[in-house]
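The values are calculated or read from the model by the stated rules, or taken from the named source; none is laboratory data. A quick note: this is a predicted structure, and the numbers were derived from the prediction, not measured. All Cβ positions, even for glycine, are placed from backbone atoms using ideal geometry, and neighbour counts span all protein chains on display.
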């Protein structure tokens, strides 16, 4: 049987004082209460493990000490590090964070937005995957402070912390080309959101610049229930490429989790990475170092994205007259050992 929560009325009865006095003591009010009485009230509250009703306080004061964060998938370590950055800023500002995992589902994303508004939360950091922004736009009009991360929101009064996905796609493909690869396949989840489209555009830019033919393998699945969605997609798309007649010497995956699935499937088919096929990922999550071989990848500054988003949000929550920034973070290449240098090999063979 569940125990009834202790209230200030219970503490008042134990301390033989009024509930108003208990409230003043526990909220550190400036109202004068004798030192002995303060000590008695605090001792009783500690003994009974009193937990303040923060929501009730927030509603009375019309203020919140909570911010909301909505991301597509907590399973992807990229978003875990983004949240780590957000939480660090929130703690420094004496706020807690409600983390909502939309599971790549637009309807669930909307449900979380409604819940956040019902909880009187005044600030939201969101990586939105929904194409219909009507609800979010209405919430902004009602006073919700919003910072968009990763996925751009073309809305007024929203700070944006984005990433140059197109440049990242170009850097990843360009690296493979510079290593002597000419048959480079690009593997991606459904091209239905700006980040995925822009990585692909960057890949195409590099291929066309080198006068090479792009090779695209795109998943047509829309799944939100699988923890290993990107990993499984990588495996399936590798099988699709290998049975299509295309014989790539390199594969560029749209994120690191998919690249892990690519390497897993290639290994299960007896194909060596990087000797037979090279692999490049996208995100730069730390797990890539633990793979065999360690994954070459395009790094997104995930933790920095979270910290910056948090700072922009709290500037707004504090009422500072700060502009609505549109920040674009830059990619960098992390070279490890999943890419074979074919240029060096061809030069050596010519020398022989």
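Miscellaneous remarks
- Filter pass, residue 78 being out of contact with any strand residue (DSSP E or B) (no Cβ under 7 Å at 6 or more places or on another chain) and either within 20 Å of residue 325 (Cβ to Cβ) or assigned by TED's automatic domain parsing to the domain that holds residue 312 (or both): no
- Condition met for residue 185 (outside any helix (DSSP H, G or I) and closer than 20 Å to residue 82 by Cβ): no
- Any hit, region 214-230, residues being in contact (Cβ under 8 Å) with a residue 24 or more places away in the chain, in contact with a strand residue (DSSP E or B) (Cβ under 8 Å, 6 or more places away or on another chain) and part of a helix (DSSP H, G or I): no
- Boolean, residue 153 is part of a loop (DSSP other than H, G, I, E, B), closer than 30 Å to residue 137 by Cα and touching a helix residue (DSSP H, G or I) at 6+ places or on another chain (Cβ under 7 Å): no
- Flag for residue 324 being within 24 Å of the chain's Cα centre (by Cα) and outside the structural domain of residue 145 (by TED's automatic domain parsing): no
- Any chance residue 298 is touching a residue at least 40 places away in the same chain (Cβ under 8 Å), over 25 Å from residue 74 (Cβ atoms), surrounded by 13 or more Cβ atoms within 10 Å (Cβ to Cβ) and touching a helix residue (DSSP H, G or I) at 6+ places or on another chain (Cβ under 8 Å): no
- Comparison of 223, 239 shows that the only residue that is surrounded by fewer than 17 Cβ atoms within 10 Å (Cβ to Cβ) and at pLDDT 95 or above is 239.
- The requirement of being over 23 Å from residue 190 (Cα atoms), surrounded by 23 or more Cβ atoms within 10 Å (Cβ to Cβ) and either outside the structural domain of residue 196 (by TED's automatic domain parsing) or touching a strand residue (DSSP E or B) at 6+ places or on another chain (Cβ under 6 Å) (or both) is fulfilled nowhere in region 255-262; no residue meets it.
- Hey, residue 195 outside the structural domain of residue 75 (by TED's automatic domain parsing), touching a strand residue (DSSP E or B) at 6+ places or on another chain (Cβ under 8 Å), closer than 22 Å to residue 127 by Cβ and modelled with pLDDT under 95 or not: yes
- Candidates 24, 40: the one that is assigned to a helix (DSSP H, G or I), within 42 Å of the chain's Cα centre (by Cα) and surrounded by 14 or more Cβ atoms within 10 Å (Cβ to Cβ) is 24.
- Any chance residue 252 is surrounded by 21 or more Cβ atoms within 10 Å (Cβ to Cβ) and not in a helix (DSSP H, G or I): yes
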